[in-house]
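The values are calculated or read from the model by the stated rules, or taken from the named source; none is laboratory data. Note that the coordinates shown come from a computational prediction; the quantities given were computed from them, not determined experimentally. A quick note on method: Cβ atoms are made from the backbone with ideal geometry, for glycine too, and the neighbour counts reach across all protein chains shown. Quick note on the areas: whole protein, heavy atoms, side chains included, nothing else; ligands and nucleic acids left out. Shrake-Rupley method; radii C 1.70, N 1.55, O 1.52, S 1.80 Å.
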There are 4 protein chains.
Amino acid sequence: MPRPSRWPEVMAAAAKVFRAKGYHAATLEDVADEVGMLKGSLYNYITSKEELLFAVVRPPAEQLLEQTRALVAAEGTAPGKVVAIARVHAGVLAEHFVYAAVYVHEIAGMGRYPEWAAMDHEYVELVRAVLAAGVAEGSLRDDLDVRTAGHVLIGSLNWLTRWWDPDGPASAEEMADRVSATFLDGSRSRPAR
Amino acid sequence: MPRPSRWPEVMAAAAKVFRAKGYHAATLEDVADEVGMLKGSLYNYITSKEELLFAVVRPPAEQLLEQTRALVAAEGTAPGKVVAIARVHAGVLAEHFVYAAVYVHEIAGMGRYPEWAAMDHEYVELVRAVLAAGVAEGSLRDDLDVRTAGHVLIGSLNWLTRWWDPDGPASAEEMADRVSATFLDGSRSRPAR
Amino acid sequence: MPRPSRWPEVMAAAAKVFRAKGYHAATLEDVADEVGMLKGSLYNYITSKEELLFAVVRPPAEQLLEQTRALVAAEGTAPGKVVAIARVHAGVLAEHFVYAAVYVHEIAGMGRYPEWAAMDHEYVELVRAVLAAGVAEGSLRDDLDVRTAGHVLIGSLNWLTRWWDPDGPASAEEMADRVSATFLDGSRSRPAR
Amino acid sequence: MPRPSRWPEVMAAAAKVFRAKGYHAATLEDVADEVGMLKGSLYNYITSKEELLFAVVRPPAEQLLEQTRALVAAEGTAPGKVVAIARVHAGVLAEHFVYAAVYVHEIAGMGRYPEWAAMDHEYVELVRAVLAAGVAEGSLRDDLDVRTAGHVLIGSLNWLTRWWDPDGPASAEEMADRVSATFLDGSRSRPAR
DNA sequence: AATGAATGAGGCTTCATTCAT
DNA sequence: TATGAATGAAGCCTCATTCAT
């Protein structure tokens, strides 16, 4: 679909409104008001409300997947990749915050939209593959339950959308490092030896 | 409010439907169909759709808060309390799975319903207090960012609603132990010594 | 679909409005106004506007087809059956005038609704079969083009919806007899012999 | 009104679309797509959708009326004129098929557009006048109901738009002759004498 | 407590029409 | 003449809610 010129404004408005009210509670009139046009005019840009949701949610989803694919394929050990995963994840959240928040809220792990299940599943599998490789290579604990651990990592990162302000004092990289450090090394103090 | 006799069925149906479709996308007719009555009849039990949401969401929220309050107040060190927090959290999820999933999806960390902000906030504070005490007492790393760590723990646990099947092979206690173990000790293998 | 009690009123209103304005130009609000309810309330009776069209149009269509089937299957020669066809056709028009007018205007021979094509086609075939039998048995001209003649008869009868007032002086039977007489014997005067 | 250069294309597209979907169901965007321009551009050619309908419908209507007026005014007996009427009618249909189909469907005998009532009425009157003259002169049966017979003839001819393919094997003249033959002499076989 | 039926508000979507370029 | 984009009105449909029975 060729997009008229105010498409970025429409997307930004939609993401903002969807994040603030949730996709279902948000109305296209809310979105149109935010852009400064009438709700009917939105249909120069979209075909349906759901298409707008997908348009909003696609950039972070694709970026996350592409960057994660690349990082997983690269050389390196599991702990390094876990840090990289967290940085990519937090980086995407920061860059597309409201868009990503919509993704996390409406789609991730929810199985509600078949169109997105494959993408969603692939990401989980990529993370899991890293962890499994870490166990195999000995860099991660051999008693690690890889499935659970993957979801713990992803969950911690996705949960950032509920409390982290990417424009606040903590940068995406700092957040990523804190989350991945806790994931890798835990929060318990080590007996000095 | 004295509730007529089919109240538990109504609650269960509402939780099921809210979880499956999300609160906003779910209709009272969906709920009524699930119970086997007409939608108008639901108003013998409720005053509004939102009240039904709150009714669904209250049991897990209250139980989580009460049990966590108790556990925080009890004797013990932070690591032990972290395990206990995870067990309580996973236990509440397991016991009220669909109800809790609705809470997590619609309310936790979302700031959408002022009525629930206080409860939601208190829980976060309780967890944070445990972690802060752990740092103070030396059982947790002194470089731990307590706010982030609290959200990491809570996020990992809440994220269970998106992938864990409480009726599957992994019990609530097992899940809690895996999550808390990762949180406390990390996933990195320790050099054997 | 179980129909609430004012269903006949709804049908009558819909037929009236569809006939007056045409299906597409008619609005459900027109129909609702005619019944004396709000447009949303119509959805206690129907699932969509198109379903209402089909509901309106089904009774005359089915009655016409059933009665015509019976008459075709009965004993008799073609000319007698032509008269009977005309009487059935005009009778159905008279009994369900507005409904039938909607059928004729929106559906007959139009191929717009696949759901109705079979019914529509069967009727044409029944008429044609009578004419073909008439040619075979010698009661109709052997140079008759049966396809054309069938459509001429049906067209003359359907065209009644554009000018005949079934509540006017000419009864359905009279109309049928005039139309079938012209069809059978023509309008030319015969040389007295 | 001076018409820009692609006016014939616009008319043809409109006729095609109006015939396929019906005037109300057709959108100006459908028409514009058919022409290969944007819907807004149509307003270089027209002032309103209804004007487009009238433009489409005028050529066959005027041609039919003019030719029929001429033929009625000419010398001759009623039977000959009936044949001529049918030939003119079928000829106009063939020449402007989709345009004429739109006329028949949207306007003929429908009384929906006051602008067209006079034209429509005049045609009916012309046909009726021929039949009445035939009765008076003795060439048509003296028991003929002229009003009904006129509508039968016109209806049979208009109904051609629902089933006849003017590009098929039967020419307009053949169709006209079959229809008028049936109208004049009927379909019943005459006892050989 | 439940039903059947209605209300009324509001949401999504369509579309004829306008207008600056 | 055509485009791109917008307007504004209206239409279909949904749904929380009410109410008489």
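Which Cβ of chain A lies nearest the axis of the rotation superposing A onto D, and at what whole-Å distance?
Spelled out as residue then distance in Å, it is A:Gly40, 3.
Pick from C:Asp143, C:Asp30, C:Asp177 the residue whose mean-square fluctuation is largest in a GNM of chain C, springs joining Cα atoms under 10 Å.
The residue with the greatest mean-square fluctuation here is C:Asp143.
Could you give each residue of the range C:48-56 its phi-based ³J(HN,Hα) in whole Hz, using Karplus coefficients 6.51, -1.76, 1.60 with θ = phi - 60°, and x for Gly or Pro?
Listing the rounded values in order: 6, 4, 5, 4, 5, 4, 5, 5, 5 Hz.
Using the 7 Å Cα-to-Cβ label point, sort the distances from C:Tyr113 to its equivalents in the other copies shortest first and give them in nm to one decimal.
Once sorted, the set of distances for C:Tyr113 reads 2.5, 3.5, 4.5 nm.
I want to verify a result. In a Gaussian network model of chain B, Cα cutoff 10 Å, which of these has the top mean-square fluctuation: B:Gly134, B:Gly168, B:Gly111?
Comparing B:Gly134, B:Gly168, B:Gly111 in a Gaussian network model of chain B, the most mobile one is B:Gly168.
Evaluate the charge dipole of chain A about its Cα centre and quote only its size in Debye, nearest 20, assuming +1 on the Cβ of each Lys and Arg and -1 on the Cβ of each Asp and Glu.
The dipole of chain A has a size of about 300 debye.
Under a straight-distance cross-link criterion of Cα-Cα below 26 Å, which lysines are reachable from D:Lys16, leaving out those fewer than 8 residues away in the same chain?
Straight-distance partners of D:Lys16: C:Lys21, C:Lys49, D:Lys39, D:Lys49.
Against the longest principal axis of chain A, how steep is helix A:146-158, in degrees 0 to 90 to the nearest 10, with axes from Cα atoms?
For A:146-158 against chain A, the angle is about 50 degrees.
If I build a Gaussian network model for chain D, linking alpha-carbon pairs within less than 10 angstrom, which residue out of D:Pro79, D:Pro59, D:Pro114 has the largest mean-square fluctuation?
Result for chain D, Cα springs under 10 Å: D:Pro114 fluctuates most.
If you put +1 on each Lys and Arg Cβ and -1 on each Asp and Glu Cβ, how big is the dipole of the protein assembly as shown around its Cα centre, in Debye rounded to 20?
For the protein assembly as shown, the charge dipole is close to 220 debye.
I need the inter-copy label distances for B:Ala129: point set 7 Å along Cα to C-beta, values in nm with one decimal, smallest first.
Values, ascending and in nm: 4.6, 8.7, 10.3.
Along Cα→Cβ at 7 Å, what distances in nm separate the D:His24 label point from those on the other copies, shortest first?
0.9, 3.5, 3.5
Can you list residues from other chains, or at least 5 along the same chain, whose modelled amide H is less than 5 Å from the amide H of A:Gly186?
Hits under the 5 Å cutoff: B:Gly186, B:Ser187.
Which of the listed residues, B:Leu38, B:Phe54, C:Gly76, is farthest toward the dipole's positive end in the protein assembly as shown, when Lys, Arg count +1 and Asp, Glu count -1 at the beta-carbon?
C:Gly76
About its Cα centre, what dipole magnitude does the range A:1-47 give when the only charges are +1 on Lys and Arg Cβ and -1 on Asp and Glu Cβ, stated in debye to the nearest 20?
I would put it at about 140 debye.
Report the local net charge at A:Ala32: Lys and Arg +1, Asp and Glu -1, summed over other residues whose C-beta lies under 12 Å from its C-beta.
-2
To test your reading of the geometry: what angle, between 0 and 90 degrees and rounded to tens, separates the Cα axis of helix D:97-106 from the longest principal axis of chain D?
80
In whole Hz, with x marking every Gly and Pro, tabulate ³J(HN,Hα) for the range C:115-126 from phi via Karplus 6.51 cos²θ - 1.76 cosθ + 1.60, θ = phi - 60°.
Those phi angles translate into 4, 9, 4, 5, 4, 4, 5, 4, 4, 4, 5, 4 Hz.
Mind listing which GluC sites (Glu not before Pro) in the range A:57-109 are in a DSSP loop and have 15 or fewer other Cβ atoms within 10 Å?
Passing both the DSSP loop test and the Cβ count: A:Glu75.
If you count only protein heavy atoms with a 1.4 Å probe, what accessible area per residue comes out for the range D:56-185, rounded to a whole Å²?
38
Evaluate the distance, in nm, between pseudo-label points positioned 7 Å from the Cα of C:Lys39 and of A:Asp33 along their respective Cα→Cβ axes.
2.3
May I ask for the net charge around B:Tyr23, where only other residues with Cβ less than 15 Å from the Cβ of B:Tyr23 are counted and Lys, Arg are +1 while Asp, Glu are -1?
0
All other residues with a Cβ under 14 Å from the Cβ of B:Pro169 taken together, and with Lys, Arg as +1 and Asp, Glu as -1, what is their net charge?
Taking every other residue near B:Pro169 into account, the sum is -3.
Could you list which residues have their amide H under 5 Å from that of D:Leu140, counting only those 5 or more apart in sequence or on another chain, with H placed in the peptide plane?
C:Ser189, D:Val135
As a test of the formula, what do you get for the protein assembly as shown when each DSSP H run with n ≥ 4 contributes -39,500 (n - 2.57) and the sum is divided by the residue count, at 222 nm and rounded to the nearest 500 deg cm²/dmol?
-22000 deg cm²/dmol
When the Karplus curve 6.51 cos²θ - 1.76 cosθ + 1.60 is applied with θ = phi - 60°, which whole-Hz ³J(HN,Hα) does each residue of the range D:30-37 get, with x for Gly and Pro?
Here the 3J(HN,Hα) series is 4, 4, 4, 4, 4, 6, x, 9 Hz.
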